[in-house]
Every structure is written in C-alpha cells, then in structure tokens.
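What follows draws every value from the coordinates through simple rules; no lab data is involved. Note that the structure is a prediction, hence the values are computed from the model and not measured. Neighbour counts are summed over all protein chains in view; Cβ atoms, including those assigned to glycine, are modelled from backbone coordinates with ideal geometry.
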C-alpha cells in the first residue's frame, strides 16, 4: 500500500492554473487507473484528469470553484501497488539545480572607483609588474593608459609623458560663479536649514575638520589675456564669449596630472589614500539655492573649445536647477573662481574627501615688479588650499608654481 | 516475425486470422493513444496527438506493405498503428511522448522513421528514399503519411512533382480527416478532392474510404504493385474524420459541429470492422476483451520502461555530429561542471 | 594525407570539377544532383563532364525546386547513398531552408543516430560579379547558427579540392560554399593525387606578428592584398584563412591573437550578427588579455545585398581592410 499524491499537471503547453469544475469521485471511492477524477477548466479548454493508478481516494484538496496552481496537490489515492508516490509534478520538479558553488566567493569591492581605461594587454602587464593602473595618468584618447604610459610609470613614477599636441580653441562660457539674488537679504527670523544650504553646511562642517594649509600668490596675466584676445580674434563669432576660466581649469588639470597626489582623497578611518586615475574638477558655482559644484570630467583630456562648452552647460544647469546628481559627483579636485565676484585673496575650503582646492581672484591691474621696476600689470591672484594630513608645504608650493608657470606663459598650455 | 509471415497479401486473400489481426491492431492503436492522452492529463507525458479515426488507414496500409522491404515515413499520429513493423515501435512511442530523446530512434530493422512535426517535410525524404532504392536496384516501396493540411505545403507539391519525374516507388498517403486543427477541408483546398492533385504530378490519384480498413488495404496494395512494377508513385486520399482533439492541447468543441462528430462516430473505423467480423462470427466479446487487455498491458509495459529509462540531463549533446566538435565538448564539460551528471528525469 | 608528388595549376572551379570526378569514381554511392548540373554541367561548369562520365542515374538534373533538392538528399542518405546536391546560388537556399535547418541538420539527432546525413550541399555565393538579386548573399552566419551542419568555405583551389573531398567523405551534412568571384580568378597549384584537408584547421596565408587578419572564402584574397599593401609601411599582417567555420579552429585563432595582440576580422556578410561577431566573442572569451587594441571588424553593411552598380563599395575591399589594419596597429 502506498499513498499516491496527484498534483495538477500543466495540460496545455504552458498553463499556470486551472479551476476545479467538478469532482467526479468522493473520498473512499475505489477508482480504476485512468478513471476520471476531476473536471478542470483551463484557459484553453475543459478537461477531465484521469487517475494515474488504481486505488482508493484518500483525500481531496480543493473545493469546486477553487483555482489550483500547476503543481498543487489535488488528490491522494491509496494504491494497492507501491509504485511512484508523486505523480504529475515531474515536469515542474525536473528542473536541475546547479551544483553547490565551488567557485571562490566574489571578492567584495574595496572601493567604488570607476575602472581606468586600458587595453587588456596593458592591464595584464600592469598586473604582472605589480602596478595599480589607477596610479597612472593615461595620455591616450579619453585618458586611456597606453603602453608608453605604463612604461614611463615603470621607469619613473613622476615622468611627464610627451605626446602629440592637442587642439586649443574654445567657445563662450558664462561666468560660472555669478548669482543674481540679493545677497545677505535673508529676512529676520528663524529659517529651517534645508536643501542646498543644509547640504552645504554639512559639507563645510566636514571640510572644516580638515587641517588646511594655504599658499597664495599673484600671476602676471598679461600673456594670458593677450592669448585669449588673439584666439577670439582668430575665431571671431565662435569664441565671442570666451572667458579665462577654461584656461585656468586647463592649467590646474595639467598640474594635477603632474602632481597626482594632489588628485587624491584620504580616509583616516580606513587608513587609505586613494589616488585617482581620472582628473575630475569641480567648479564652485554660487546659485540661488546655495553653492553647487558641477564636475568637469576628465578635465585633462578636454581641449579649450570642448571645455568651454562643457563649463557653459554645467553652470547653466546648476543655475537653472536642471543639473543632475551625476554631473555633481565623482569630483577629485575643486576650482573656485571667486574672482568673478570681484575678490582678490581668499582661503578656499577643501571639499572632503578631496585633498586640494584652488581659488582664483579677479584679474585687475595691480602693481607688479617687472625687471626691478614696479609697473601696473593685470594680475591674477591665486590661493591653494591643501589637506595637511596628506600634503605638505613643499608639494603645495610646487603644484601652485606649476599652475602659475602655465598661466604666465599660456603657450605652454598648448603643449603636453 | 519471420519474413514469410510478413509479406502482404491481396485483400481478397486475407485469412480469417489476418482479418482478426487487423482489428486487434486497430484496437491496440486506440488503446495506446488513449493511454498517451491520459498520461498527458496526469502530467506524465508531453503534448501528443490522438489517433482516433485514423486507425483503419494506418493498420490497413501497414498490412499492405512488407516490413522487410518497405519503408514508412509517418507524420505524427501513426506510430501507434505500426506494430506490424516491429513490437518495439510501441516502446519508442512511449519514450517519444514522455519526452525522451530515444523516442526518435526506431531501431534496426524497423523500417519506420521517427514522427515528423514539420508538416509535409517528410514527403521529400520519402521521395529521396524511394529514389535511393531505385538507384540501388533494391526492391521495396516507401509509403509516406501526411494530412489534408500538410497537402497545402510546398514540400508536397515539390516532392510529388519530382517523384513523378523519377517514377520513384513511393506511395503518398494523404489522411484526410477533415480538419487541420480547426481548419476544415473546404478552407484547405478548392480542389474537388486531394486525390485530384495527382493529375498535376502525372501519376494516379485515388480516393478511398479511410474508415474501411479493407478498402485502404486494397488501395495501398495496388499502389505498391504499381511502384514495384516500376510504374511510379500513387497518391491515395483516405477519407475519415478526426474523432478526438487535434492534440492534448486542443479543444475541438470550439469548432467541430456536434452533429458532424456524431455522424462520423457511427462510422468509427474500429466499430465498422468489429461489426463486419462479428457478423462473420470471427469476433466476440472475449476477443474484444483480450484485444483491449493485451494492448493495455503492452502499453503499461512500455510506459514503465519509458518512465524508468535513464535520461542523462546532457543527452542533447549526443547525436548532433558523428564526432562532437571541440566546442560541444567544452560546452558539455561546462554543463557538467555546473549541474553535475544528473539524471534529467 | 596528401600526395603532393604531382600538382597542376587549376582555377577553383576546375579543382571542384576535378574533385567531383575523383570522388564519384572513388565511391559509387556518390550522387550529384541539382538544377542544370547534368547535361549542361552546371551554370558555372562545376559539374561539367560528370554526366558523361558517370551516367544520368548518378548525375541528375532535378526540377527547379530547392526544397525538394535538399529534402530528397535526406532520403537518399537514409538509403545509404552519398548525396552531393547543388543549390545553384546560395541565395536560393531560402526556398530550401526548412529542409536544411529543420531536416538535414537534424537527421542524425532526431533519429538518435539511426540515420546519418553524409550530405555535401554545394552552393556558390558572394558578390562582385554583377549577378541579379539573391545570387550574392553571404549567409554563412545564419547557417552556422544551426547545430548539426558543418560550414566549409575554401579560399584556394587546392583547398577547394582538399576540403570538398573531406566533405564528401564526412558522415555529417556539410554546407560547401564556393565563392563565385573566385571560381575563375583564384588559381593555384592543386595536388593531383589524393588530397584531403581536415576540417577545423585554419591556414596561415601570410606571416606577420603585428596584427592578425581572420578571413574566409574570397575575403582571404582581399585580406592578402591588404596585407601586401601595409607590408610596404612596415606592418606585418598575418592573414589566417579559417577554411571551416564549423568546426572552427579556435586554437589557431587564440594563438594568433596571443602572438599579435591585435586582430581584424573580415566578412562579406552584413555586419550585425555575422560570423565575425562569433570570432570576436571567442577572442573575448579566450584571448582577451593579449589584446592591445579593440578587435576590428570589416564587413558588408546592414542593407540588403545591392544591385550591380553598388556592389563594389558594399563588399569589403583591400582599402577598407588595410585601413582597419592601420587603425588597430596605431592603437597604443
């Protein structure tokens, strides 16, 4: 004697369920093999389900009118011969289950950095040489790390690869820091700290916890302005609104490519220093909602024209509120152009977890010493803030000097 | 079976035992088929196509052939009626409906091809096979089953045309059971009959009562003699009615008129033959019981064998090429690494 | 396997004809049939003289019906013969596709080994000779997606012989695709004796270590000329003729990519989902870490094969292949 479980089969090539229309047997009935037990209604037809065995009906598991799902137990029949104990689930239970996993557990990602760009062969060589590609600046298209980059990194970690010249031309960009709301006009009373202001406040709290050091200087901007004028002259309409900002950002990006430690983040709790492969420069923009910092990705790869267009798009999006979260994430360094507001010197605050920020003051004629004589020159004040936990004064100064050199002689910007 | 006992006999010379055997096999066909239908309703078999209404055509034709020299290419309803070609056919049928790959293997020396799901695709195969027999000067004919619906396929016309050109020893047996799933004959063709289509091929086409096993036997015998004499193909349209759903997945009450079904039930081919033999005192209730029991036991045995047949889960890698390609070997190794060497049952 | 004692210069179509003669003489089970293959000797003369030599029972002109040409091959094979049907142009095989894909390819499988399909279905294909519609389509990628078929695509006269002889002796169905542009333009030394080229063994056509160019059928010749062109610029392009797509010589593909680090795949078929994509996927699976640059693909376009005046710019030519080679080599 054995109990045979009869389960609802899929009788119509992919049916999921059936309605119980009529029981054709009762508990205790003696049934023959293939004697109809129950009439069911499916999406396709009405059908009688015959008993798989001869025996006595031990139990019925659905009421007339119920909907049974394929695989559900319908009837138990006590059979005289001890053949199979479960019928009609063969198809459902025939699924194979995969072998127990023997593969090593998936490693937990240690950081959320984006993969650097490099060909598989370069990756393999880097692995073999024990070099983390994230520490190498790629000079190929889109920042790709080339074999030459890898070779250079292998020989001299700080080498500054010489590569083909890049195009330089730029288009108009509006003043990214401009704001039109009346300043300092918050009405008397208590105001909830919300939105961008709250986010800014929190960010500043975090940033203020960073031990800052600052370096300041002034740049003779004569050549820079002359160069910009010449480009506008050459391009006419196309460069009508070209500001100095793309030049400034380009110079910073070049300096970051040279001094990669400046393009890093620090996490003292995890006790790691993450040096980033990509140079993504945040541009601080004052908006009605507060300070926003859209991010210019792979800034070291952009020519002036492209960069100016991108700066224009980002600052417009920041001001009209259409900027996406993606356009404000993944920054690795920040440029604050407070000079557009008229300022001269300031102490810019780092945006944690970045380790550096550069602020530019307004370009104005100011006394400047040239060949021992004080003359009036358009000067560009520069202030660099660094995280002193990672950056010391020597690196800060070297980095800032490099920016100054590039902006003093902008022809150097045209060459890598 | 000894070759001597398998050679076809002309219809008028059929012995009493042979007549009784025809009925036994017709009953057997329906018992096997009904059991297959129930197995599907019990979740133990996949979609299958009942034979009800076609028994006289299949059994009558198979007895007009010589299983030691002649070949049968079925569509997909015929295996249950081809016991004459080998007892193991029924085991293969049980494997076939329960989804075992071995169901496609009709072993030597059974001259029956596996069921063909692609309608009419077997007709060019039959012509090729008959052509091959002809080229090798091998005696034998090829009989190919197909339905009224399949006759609308291009393969039927291409193969019929070429068979006529070759004068190949092939018999086209069109089982006209009135329905191609839900499409009735008059939506299938505007020809007066399916047999008429032979005119385009340049060989004879005849229509025969498909509910009369002796009429089918006689028609196929004549066609066979023609073929063996080198006179080429014959198209036989055997007219019957589909007395069951198209397949287990079909509901014919949606389209078959009740009165039509009732009329044809009165002409049930098994019932007709039973009446004939009973009237000749060749059949009684004991014979009926015995025929049913024998078939039921045979099918039960076939089902038990099928359900206990080992089914390697990676069996689909077998018999794709004579020697598996390196890629298949890799794929199979990956399959086994992932799933293990389980049984697919 | 090759008796190289004597060779003769032959065009590809001469080599095919020569091989059919030899195989029919060798094995009386071989039956050649198709449209115009008998008295006329085939529209390209590939079967010229066969009917005179072996009779009209073994070399048979069929009615104009591709479906039954392919379909009867199944029955002939089951009868124990070795069918060598011809589809006059591969593009016409669409009218036989249900038999090729649904029946020929599955005969062994659906009968679980009871019946074999030692069928060699020959069909010319390929553009560049101003044929009308549906004469030129390169559909090897579609065929290669059908388990059970072998896909053979010779690029030289010697290979046409060696691969055709192997195909006819193979127990499985072979799609033997002949580049009609190469029928008379490709000429090389063909061994006159028994010559069998095994399936699944690619052939290095030109040496080189800077980049490997994978090609098959007539595109091998295009790739060879491109390799010659860039050789003058100091680029060593290794041209590899895959010869058979199924089975495929993966080892040679992987080895060549590992040695060169750069690869170009050339196909005549439209770009999307062509067999080149399969090669690139395999490189990805088996040789990724050797890649210095993305694998380039040079192919026809995702447009129906064009009429005569447009076809020369549709098919990959020497210039496009050379340009792809330069691009991949320039990637650092």
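For the pair residue A:198 and residue C:97, what calculated FRET efficiency results from E = 1/(1 + (r/R0)^6), where r is the Cβ-Cβ distance and R0 = 56 Å, to the nearest 0.05?
FRET efficiency, residue C:97 to residue A:198: 0.25.
Antiparallel DSSP bridges in chain B: what percent, to the nearest 5?
Bridges in chain B are about 10 percent antiparallel.
Using a 10 Å cut-off around each Cβ of peptide B:155-165, what is the average number of partner chain Cβ atoms that fall inside? Could the numbers behind the result be given before it?
On the way: counts 7, 1, 3, 14, 6, 1, 5, 9, 2, 1, 4.
Partner-chain Cβ atoms within 10 Å, mean over residues of B:155-165: 5.
Go through B:284-296, C:59-71 and give me the packing order, highest mean Cβ count within 10 Å leading.
C:59-71, B:284-296
Count the DSSP beta bridges whose two residues both fall in the protein assembly as shown, then state the antiparallel fraction as a percent rounded to the nearest 5.
55 percent
Based on the Cβ-Cβ distance from residue B:336 to residue A:212, what FRET efficiency comes out when R0 is 56 Å, to the nearest 0.05?
Between residue B:336 and residue A:212 the formula returns 0.35.
How do A:78, A:261, C:328 line up, fewest other C-beta atoms within 10 Å first?
Result, fewest neighbours first: A:78, A:261, C:328.
If I model a spin label at residue C:133 and residue A:329 as a point 7 Å from the Cα along the Cα→Cβ vector, what separation in nanometres do I get?
Each label point is offset 7 Å from its Cα along the Cβ direction, giving 5.2 nm.
Could you work out the relative contact order of chain C? I mean the mean sequence separation of Cα pairs under 8 Å and 6+ apart, divided by the number of residues, in percent. List each step's numbers first, then the result.
Numbers: 770 pairs, mean separation 56.9, N = 332.
Across chain C, relative contact order equals 17 percent.
Over chain B, what is the relative contact order in whole percent, taking alpha-carbon pairs under 8 Å and six or more residues apart?
21 percent
Where does chain C land at 222 nm, in deg cm²/dmol rounded to the nearest 500, when only DSSP H runs of n ≥ 4 count, each adding -39500 (n - 2.57), divided by all residues?
That calculation yields -9500 deg cm²/dmol at 222 nm.
Determine, for each peptide in A:138-151, C:78-91, the mean count of other beta carbons within 10 angstrom over its residues, then list the peptides with the highest first.
In decreasing order of mean packing, A:138-151, C:78-91 become C:78-91, A:138-151.
Would you mind giving the mean number of other chain beta-carbons within 10 Å of the Cβ of each residue in B:28-35, as a whole number? Don't jump to the answer; show the numbers that get you there.
Working: counts 0, 0, 0, 0, 0, 0, 2, 3.
For this peptide, the per-residue mean of nearby foreign Cβ atoms is 1.
Mean residue ellipticity at 222 nm from the helices of chain B, using -39,500 (n - 2.57) per DSSP H segment of n ≥ 4 over the full residue count, to the nearest 500 deg cm²/dmol?
Taking each H run of at least 4 residues, the total per residue is -14000 deg cm²/dmol.
Sorted from fewest to most neighbouring beta carbons within 10 Å, what does the list A:208, A:23 look like?
A:208, A:23
For a protection proxy built on the mean count of beta-carbon atoms within 10 angstrom, sort B:108-115, B:122-129 highest first, please.
Final packing ranking: B:122-129, B:108-115.
Work out the FRET efficiency for residue A:129 and residue A:267 from their Cβ-Cβ distance, taking R0 = 30 Å, and round it to the nearest 0.05.
0.70
Looking at chain C, what % of its DSSP beta bridges pair antiparallel, to the nearest 5?
25 percent
Take peptide A:9-16, look around each residue's Cβ out to 10 angstrom, count Cβ atoms belonging to other protein chains, and average those counts. Each step should come with its number before you reach the end.
Working: counts 7, 3, 7, 6, 5, 1, 1, 0.
Taking all residues of A:9-16 together, the mean is 4.
Once Rh is set to the Kirkwood radius over Cα pairs, what Stokes-Einstein translational diffusion coefficient, in µm²/s, holds for the protein assembly as shown at a temperature of 20 °C and a viscosity of 1.002 mPa s?
Rounded, D is 60 µm²/s.
Under the definition of Cα pairs under 8 Å and six or more residues apart, what whole-number percent is the relative contact order of segment A:283-394?
20 percent
At 7 Å along the Cα-to-beta-carbon direction for both residue A:191 and residue B:266, put a label point, then send me their distance in nm to one decimal.
Once both label points are built, they end up 9.8 nm from each other.
Counting other beta carbons within 10 Å of each residue's own, what order do B:197, C:161 fall into, fewest first?
Ascending number of Cβ neighbours within 10 Å: B:197, C:161.
Subtracting the Cα-Cα distance from 0.36 nm times the residue separation, let me have the gained length for residue A:412 to residue A:22 in nm, one decimal. If you can, show how the numbers build up before the last one.
Details: separation 390, 0.36 × 390 = 140.40 nm, distance 9.05 nm.
Contour length minus Cα-Cα distance gives 131.4 nm.
Measuring from label point to label point, each 7 Å out along Cα→Cβ, what is the residue B:251 to residue B:231 span in nm?
Simple spin-label model gives 5.0 nm for this pair.
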